[in-house]
Structure formats: C-alpha cells, structure tokens
Amino acid sequence: MLKIKAVSFRPNDPFTWASGMKSPIYCDNRLTISYPEVRKLICDGLVQLIQKNYPDAEVIAGTATAGIPHAAWVAEKLNLPLIYVRSKPKDHGQGKQVEGVLKPNQKVVVIDDLISTGQSVLGAVKAVQKADAEVVGVAGIFSYQLASATQNFAEAKINFETVTNYSILIEEAKKQNYVTDEELVVLKAWRG
C-alpha cells in the first residue's frame, strides 16, 4: 500500500473524511486493483483470513464498489459463488440491493476494502441478512482500528478480520521512512 501510494499521510494538515472526521492519513485501496502483484497479495491474505476464521462460508459478497473486485478474486480462488451488495436498493428495475444468486440460509462472508467506523459494511451485512442469508463475518483489506468500529461490530454481533491495520501500517511507514519520528507521534496519538 505504501509502495503504490495508496496511503497518504498529512499529520499536520489532516484530511476530512465524508463523515466529517479529521484524519492524518488517507487510505485509497481502490488503487490496489491496478497492481497485479499487490492485488494477488491482498487476495491471498483475504483467502487465508476466510479459511481460518470463516471456514463454513458458502458465498462471497463484495460491497459496492470497492469491495467487488477483491470479492471476485477471492470467490474465484475459493471456488465459491459471488454476489455484491449495493449501498442502497436500485431505484429502478427490480429494486434489488443484493445482486447475484443468494439462497436462504446460505453462509456469507462480506468483503470490503476499508473499515473505518464499519457503518457502510454493516449496512451491506444488514442487506444480506434481510435477504434471509447468514453473514458469518466480514473480511477487509485494512482497518483504521477505531473504537467506534469495534463497538459497531460488537453491537451488530458480527466478527471482522482484516489483512492489515493502522498500527502495522504506521510502524511500517516509519521503518521505510515515509514518516518522521515526530509525525509517528502524531499518527499514534490520533488513534489513541
């Protein structure tokens, strides 16, 4: 993620997320799809997470739009059906929110690229549950490790696992000289 510049650091001039939250880091995992070696590593990491934590998965779901390509590669590697979940139901046609074939009671793993508070992926989880399937867990590429995400997933009674996270990323960024010692202090303090 660092090498392909999917991560930007601005400890002294924070980014503003869509939620209004200020952050010294911006992670754009959408860039990973353009790098075959990187996306293969991500796919392998997601496959390992699923095999270890959700071995009874029967369907892989991708969140629209950033989770879809990764879910497709994972589903292919695991030889499992793929579905995807829109952020809201279509306002035309059949008005579907879940696309693909999903049978009642199937066990689903939902894949997203990034977990900040968890609200968006938990919306996808609810859509899958509303379609009478069972979500056995969420797998993501990266987590900011925010307390609000831990709380939101706990309240939803959904487990989540990620290939990497904020703590690992900032330590690696320091090792590779992407950030200074002073910036690392700010980055650690932001997440608490």
### Message
Any residue in the range 162-175 that is closer than 13 Å to VAL7 by Cβ sitting within a Cβ distance under 9 Å of a residue that is of a type in the set (Lys, Arg) and open to solvent by 70 Å² or more (accessible area, probe 1.4 Å)? List the pairs, counting only those 6 or more apart or interchain.
### Response
TYR166/ARG191; ILE170/LYS188; ILE170/ARG191
### Query
Is the range 17-24 home to any residue that is over 18 Å from ASN165 (Cα atoms) and surrounded by 14 or more Cβ atoms within 10 Å (Cβ to Cβ)?
yes
### Query
Where residues in the range 178-192 are open to solvent by less than 90 Å² (accessible area, probe 1.4 Å) and in a helix (DSSP H, G or I), which of them is nearest to ILE25 (Cα to Cα)?
LEU187
## Note on the structure
Among helices (runs of 4 or more DSSP H) completely within the range 114-177, the ones holding 2 or more residues that are open to solvent by less than 20 Å² (accessible area, probe 1.4 Å) and basic (Lys, Arg) are none
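Report, by residue number, each residue of the range 9-26 that is of a type in the set (Val, Ile, Thr) and either farther than 14 Å from VAL179 by Cα or part of a loop (DSSP other than H, G, I, E, B) (or both). Outline the logic, then answer.
Pass one, the range 9-26, residues of a type in the set (Val, Ile, Thr): 16, 25.
Listed by number, the list holds a single entry, THR16.
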### Message
What's the total number of residues in the range 41-89 that are in contact (Cβ under 8 Å) with a residue 24 or more places away in the chain, open to solvent by 20 Å² or more (accessible area, probe 1.4 Å) and aromatic (Phe, Trp, Tyr)?
### Response
1
### Task
State all residues of the range 44-75 that are closer than 15 Å to LEU114 by Cβ and of a type in the set (Gly, Ala, Ser); if no residue qualifies, say none.
GLY45, GLY62, ALA64, ALA66, GLY67, ALA71
### Message
Can you find a residue that is over 22 Å from LYS5 (Cα atoms), at pLDDT 95 or above and in contact with a helix residue (DSSP H, G or I) (Cβ under 7 Å, 6 or more places away or on another chain) anywhere in the range 129-137?
### Response
yes
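The values are calculated or read from the model by the stated rules, or taken from the named source; none is laboratory data. Small disclaimer: the values here were computed from a predicted structure and weren't measured. So basically every Cβ, Gly included, is an ideal-geometry build from the backbone, and we count neighbours across all protein chains shown. When the accessible area is computed, the model is the full protein with side chains, heavy atoms only, and any ligands, DNA or RNA have been set aside. Shrake-Rupley method; radii C 1.70, N 1.55, O 1.52, S 1.80 Å.
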